[in-house]
1. Restricting attention to region 94-143, and to residues there that are crowded, with 16+ Cβ neighbours inside 10 Å and among the polar types (S, T, N, Q), which single residue is nearest to residue 42 (Cα to Cα)?
2. Please tell me if residue 38 is touching a residue at least 60 places away in the same chain (Cβ under 8 Å) and either under 23 Å from residue 198 (Cα atoms) or more than 18 Å from the chain's Cα centre (by Cα) (or both).
3. Could you check, for region 258-268, whether at least one of its residues is open to solvent by less than 10 Å² (accessible area, probe 1.4 Å), part of a helix (DSSP H, G or I) and modelled with pLDDT of 95 or more?
4. Take the residues of region 246-266 that are more than 22 Å from residue 197 (Cβ to Cβ) and in contact with a Leu (Cβ under 7 Å, 6 or more places away or on another chain): which is farthest from ligand 2 (Cβ to nearest atom)?
5. Restricting to region 177-196, count the residues that are part of a helix (DSSP H, G or I), within 16 Å of ligand 2 (Cβ to nearest atom) and more than 14 Å from residue 224 (Cα to Cα).
6. For region 22-51, how many residues are within 16 Å of ligand 1 (Cβ to nearest atom) and within 30 Å of residue 169 (Cβ to Cβ)?
7. Out of 7, 43, which single residue is touching a residue at least 24 places away in the same chain (Cβ under 8 Å), touching a Lys or Arg at 6+ places or on another chain (Cβ under 9 Å), β-branched (Val, Ile, Thr) and open to solvent by less than 10 Å² (accessible area, probe 1.4 Å)?
8. Residue by residue through region 13-64, note down the ones that are at positive phi and among the acidic types (Asp, Glu).
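The values are calculated or read from the model by the stated rules, or taken from the named source; none is laboratory data. This one's a predicted model, so the numbers in the text were calculated from it and none came from an experiment. Don't worry about glycine lacking a Cβ; one is built from the backbone with ideal geometry, like all the others, and counts go over all protein chains shown. These area figures cover heavy atoms from the full protein model, side chains too; ligands, DNA and RNA do not enter into them. Shrake-Rupley method; radii C 1.70, N 1.55, O 1.52, S 1.80 Å.
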Amino acid sequence: MPTSFIVLGSGQDGGAPQLGETTLRSPRRSASSLAVISASGAVVLLDASPDIRLQVEVLLSSPLYPHGRDEFLDGVCITHAHIGHYAGLLQFGREAAATREIPLHATERFLAFVKENEPWAALLRDGHLVGVPIDNAAAVIDGDLTIAALPVPHRDEYSDTVAFSVQVRGHPWLLYLPDIDDWGAWDGAEEELARHDVALIDASFSTYDELPSREMGSIRHPLVTDTITRFRHLTTETRLILTHINHSNPLGDPIAPITDQAAAAGFRVAYDGLTISREDENA
Ligand SMILES: [Zn+2]
Ligand SMILES: [Zn+2]
């Protein structure tokens with residue numbers, strides 16, 4: 001089997017539609033999460049969303065999922081402490097899956113946040129998860145797969161934020177970058193996108209007037225139009241996939257102009273269930 005990933009969730013933290021909404025303003029999406037399956041059958045989750053229960057059900061029913069294992073996952077990597085990215089960890093606890101010693105790969109600051117706050121702390125104390133700092137050393141998942149953390153500028157009320165560089169036998173294959181404040185605030189952005197074969201990147205908002213009830217300045221994200229302008233020249237070498245799409249963002253809707261604009265510039269739009277395998281596995 002080639003190394004593969006499955007987009008389990010392509011939405012922003014609250015999913016689409018959000019709780020209480022009666023009309024769908026964008027395609028239905030669960031919160032951002034990605035499963036990576038190595039060539040030798042290791043399975044790792046990047047982010048544990050509030051929708052994790054149904055997302056892992058999708059993962060386990062995929063023909064790519066390797067059955068006959070002790071635990072259903074070999075590890076969980078968390079980008080940061082905003083609810084859409086770590087709330088699903090609660091499902092590993094004793095009231096739920098009651099897993100045994102699944103590695104939790106995250107920054108020192110994120111792990112400290114978990115240790116200092118219930119009900120998260122019990123997950124580590126009771127051995128359902130084992131914290132593995134990822135600040136200075138990439139997570140070694142198996143002989144094929146390593147996952148390195150890249151610091152990213154983003155609101156850091158509770159923890160710092162990272163993107164994940166998934167490497168297959170040392171080759172930078174996949175970049176997972178669901179949240180960033182502003183491309184201009186990260187000097188290494190273009191270089192990082194260019195050196196990976198595939199990059200899933202923050203596409204929260206298409207316009208500044210999507211959320212009239214919120215001060216957009218307090219929830220900074222690059223606009224999709226800015227992302228297209230900055231990085232369209234990379235799309236011949238790197239497969240750029242827009243993800244973490246807010247419930248207010250029509251991106252992905254076939255009748256929305258922004259969907260055509262992204263496609264014409266060579267970008268793909270993530271959807272729940274999108275699967276990509278590494279084609280040049282033996283190269
Ligand atoms: Zn988010
Ligand atoms: Zn965030």
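1. Ranking the qualifying residues of region 94-143, first place goes to 99.
2. Values: touching a residue at least 60 places away in the same chain (Cβ under 8 Å): yes; either under 23 Å from residue 198 (Cα atoms) or more than 18 Å from the chain's Cα centre (by Cα) (or both): yes.
Yes, satisfied.
3. yes
4. Result: 259.
5. We begin by selecting, within region 177-196, every residue part of a helix (DSSP H, G or I); these are 183-185, 189-195.
Going one step further and asking which of them are within 16 Å of ligand 2 (Cβ to nearest atom), we end up with 183, 185.
From the residues that got through so far, the ones that are more than 14 Å from residue 224 (Cα to Cα) too are 185.
Looking only at that region, the number is 1.
6. Just the residues of region 22-51 that are within 16 Å of ligand 1 (Cβ to nearest atom), to begin with: 26, 29-34, 45-51.
So of that shortlist, the ones also within 30 Å of residue 169 (Cβ to Cβ) come out as 32-34, 45-49.
Residues flagged as within 16 Å of ligand 1 (Cβ to nearest atom) and within 30 Å of residue 169 (Cβ to Cβ) within region 22-51 amount to 8.
7. Numbers: 7 fails: touching a Lys or Arg at 6+ places or on another chain (Cβ under 9 Å).
Selected residue: 43, the only one of 7, 43 that is touching a residue at least 24 places away in the same chain (Cβ under 8 Å), touching a Lys or Arg at 6+ places or on another chain (Cβ under 9 Å), β-branched (Val, Ile, Thr) and open to solvent by less than 10 Å² (accessible area, probe 1.4 Å).
8. As a first pass, look at region 13-64 and keep what is at positive phi: 15, 20, 41, 47.
47, the sole residue that qualifies.
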